[in-house]
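Here is the structure we will look at, set down as structure tokens.
The values are calculated or read from the model by the stated rules, or taken from the named source; none is laboratory data. Please read all numbers here as calculations on a predicted model, not as lab measurements. Please note: Cβ atoms are built from the backbone with ideal geometry, for glycine as well, and neighbour counts cover all protein chains shown.
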Amino acid sequence: MKRAALALTLVALALAVQAPGAAAAPRGLELGLADATFNGSDGALRDEWMARARGARADLVLLTVAWSSIAPKAPPAGFEATDSADPAYDWETLDGAVRAAVAQGLEPVLSVNFAPRWAEGPNRPSPAVAPAGTWLPQPAELGRFAQALAARYSGGFADPANPGAGPLPSVRYFQVWAEQNLSVHLNPLWEGDKLVAPLHYRAMLNAAYLAIHAANPGARVIVGGLAPYGDAAVGGSRIPPVWFWRSLLCLRGSEPRPVDCPEPAHFDIAAHNPINVWAPSRGAVNPLDVSTPDVGRLTSIVRRAVATGRALPAGPKPFWATEIWWDSNPPDPEGVPLRRHARFLSESLFELWRQGVGAVIWWFLRDQSPGSAGFGATQQSGLFFREGRAKPAHRAFGFPFVARRGRGKVLLWGKAPSSGRLVVERRTRHGWAPLTRVLAGSRRVFLVRIDAPEGAFRVRARQGRLASLPARVAAGKGGP
């Protein structure tokens, strides 16, 4: 037994001095969080959970901007929609959320949704057919609101709550709508058998883009992330995301060919919500749907649109995942067991990163109360339980780590708590032993491929006193 332990130690030491294997620093990955608490009116509770978001090592926070809640219910005489200082606007809650995020070193992403009734289109059906704020939001009115929003957070607008203390914080990222391929967010989707929502959304997106850049030239406008699954039949309440993106970008067919496009879509960052029904490595069954491993179905469409002048301004478009989550069990009896929940989180980040995604926003930071609505209508996907206790997913978010065997090597990927050196350790009968050492660059992402024994084993990454959750390497062919 002692001889076997000595042999294992010698193997570990030999692997530990191998070159890390990556000639250049890997691409970075920004991580963000969304949570209902961030947009709440309870300032103390909001500030507490903003601090916890920073403690979880988030880079971004997504803040929902309910246009219908900030704008007046009916425009009063003299209302100037482009003026963020107009007294008919109510910015108090959003101002507080932006201040709180920036105070914690978090970068806000402002996601606009839901029009006030007066900014919806004509011939509105009942709310049972088209929920409030979703019926033909008028592009011109959205542009006016977007101009006021961007100007308020341009870095030059005096903070009304702190006269003389300086401006409100500057915000760089603005997202235009969310899941606009669902009838609960945008209507109508169809006129008979004709798909109309992408065309109308393109007008909304372009109006917002021009207005935001006019007020804040350094801003970055993000396309609303689409829901991952749609209805294959014409006239359904969910448009498959591949259909929506092709129509939005004036492309047709599975080998998308350009069609006439007098008003191409303007945006800076493409986005999607690759929520999964199953594990993060299992793709959507329908080729028109897009879950985590299927993002390439959309990035190829965006690249084609850029190449043919149907996605402006010219140049590559970064791609973000603006909503991803699994509910955990506990508390949701139908959720994913806690350890698997944490593993799914890390694996989804890797799956998205390897497809070129530059930022991922996890929903939520804290479990919601199921209340009378029940688990099916609320998010139990938090990094924290409702009462504030951290789940294993909290550790996985702050120090994601994935190990995979393939092609005679073991791939080790993760995002370290900070830049600098870290060690990957292998679990032995005598505890954790060094396996290899890795350098995490300024963006904290690390990637290395190493030779490893053939049998199954467990590994973890450690940086100082902080360690990732262990990952299992499956049995297979080892290195030479």
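Values computed for the structure shown
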quantity: Residue match in region 23-31 (condition: in a strand (DSSP E or B), at pLDDT 95 or above and not basic (Lys, Arg)); calculated: yes
quantity: Qualifying residue in region 422-440 (condition: among the acidic types (Asp, Glu) and surrounded by fewer than 20 Cβ atoms within 10 Å (Cβ to Cβ)); calculated: no
quantity: Residues of region 426-447 that turn out to be out of contact with any helix residue (DSSP H, G or I) (no Cβ under 9 Å at 6 or more places or on another chain), within 15 Å of Pro470 (Cα to Cα) and touching a residue at least 12 places away in the same chain (Cβ under 8 Å), as a count; calculated: 2
quantity: Conditions (1) crowded, with 20+ Cβ neighbours inside 10 Å; (2) over 21 Å from Leu63 (Cα atoms); (3) of a type outside the set (Lys, Arg); number of the one not met by Trp325; calculated: (2)
quantity: Where Asn123 falls short, out of the listed (1) outside any helix (DSSP H, G or I); (2) in contact with a helix residue (DSSP H, G or I) (Cβ under 8 Å, 6 or more places away or on another chain); (3) farther than 28 Å from Leu45 by Cα; calculated: (2)
quantity: Pair list, Cβ < 7 Å and 6+ apart or interchain, from region 82-93 residues that are surrounded by 15 or more Cβ atoms within 10 Å (Cβ to Cβ) to residues that are in a loop (DSSP other than H, G, I, E, B) and acidic (Asp, Glu); calculated: Asp86/Glu80
quantity: Residues that are of a type outside the set (Ser, Thr, Tyr), over 18 Å from the mean Cα position of the chain (by Cα) and over 19 Å from Phe174 (Cα atoms), drawn from region 296-313; calculated: Ile301, Arg303, Arg304, Ala305, Val306, Ala307, Gly309, Arg310
quantity: Test for Thr134: is it closer than 29 Å to Ala56 by Cα and out of contact with any Gly (no Cβ under 6 Å at 6 or more places or on another chain); calculated: no
quantity: Filter result for the condition that a residue is exposed (fewer than 15 other Cβ atoms within 10 Å of the Cβ), assigned by TED's automatic domain parsing to the domain that holds Asn273 and either in contact with an Asp or Glu (Cβ under 9 Å, 6 or more places away or on another chain) or in a loop (DSSP other than H, G, I, E, B) (or both), over Pro228, Pro169, Pro163; calculated: Pro163
quantity: Residue in region 289-299 that is part of a strand (DSSP E or B) and surrounded by fewer than 24 Cβ atoms within 10 Å (Cβ to Cβ) present; calculated: no
quantity: Check on Glu334, touching a Gly at 6+ places or on another chain (Cβ under 8 Å) and among the acidic types (Asp, Glu); calculated: yes
quantity: Val423 in contact (Cβ under 8 Å) with a residue 60 or more places away in the chain, within 22 Å of Gly398 (Cβ to Cβ), of a type in the set (Val, Ile, Thr) and part of a strand (DSSP E or B); calculated: yes
quantity: Residue list for region 47-59, restricted to those being touching a Phe, Trp or Tyr at 6+ places or on another chain (Cβ under 9 Å) and either farther than 13 Å from Val102 by Cβ or not in a helix (DSSP H, G or I) (or both); calculated: Trp49, Arg52, Ala56, Arg57, Ala58
quantity: Condition check for Val242: among the β-branched types (Val, Ile, Thr), modelled with pLDDT of 95 or more, assigned to a strand (DSSP E or B) and crowded, with 20+ Cβ neighbours inside 10 Å; calculated: no
quantity: Flag for Ser418 being in a loop (DSSP other than H, G, I, E, B), surrounded by fewer than 16 Cβ atoms within 10 Å (Cβ to Cβ) and touching a Lys or Arg at 6+ places or on another chain (Cβ under 9 Å); calculated: yes
quantity: Number of the condition not met by Pro262 [criteria: (1) at pLDDT 95 or above; (2) part of a loop (DSSP other than H, G, I, E, B)]; calculated: (1)
quantity: Residue match in region 316-326 (condition: assigned to a loop (DSSP other than H, G, I, E, B), over 29 Å from Ser381 (Cα atoms) and of a type in the set (A, V, I, L, M, F, W, C)); calculated: no
quantity: Candidates Pro392, Pro470 - the one that is surrounded by fewer than 22 Cβ atoms within 10 Å (Cβ to Cβ), within 30 Å of Pro370 (Cα to Cα) and touching a residue at least 12 places away in the same chain (Cβ under 8 Å); calculated: Pro392
quantity: Region 119-137, subset free of Cβ contacts under 8 Å to residues at least 60 places away in the same chain and surrounded by 14 or more Cβ atoms within 10 Å (Cβ to Cβ), residue nearest to Gly236 (Cα to Cα); calculated: Ala130
quantity: Answer residue from region 388-415, given it is of a type in the set (Gly, Ala, Ser) and in a strand (DSSP E or B) and is farthest from Arg52 (Cα to Cα) among those; calculated: Gly406
quantity: All positions within region 312-325 that are of a type outside the set (Val, Ile, Thr) and out of contact with any Leu (no Cβ under 6 Å at 6 or more places or on another chain); calculated: Leu312, Pro313, Ala314, Gly315, Pro316, Lys317, Pro318, Phe319, Trp320, Glu323, Trp325
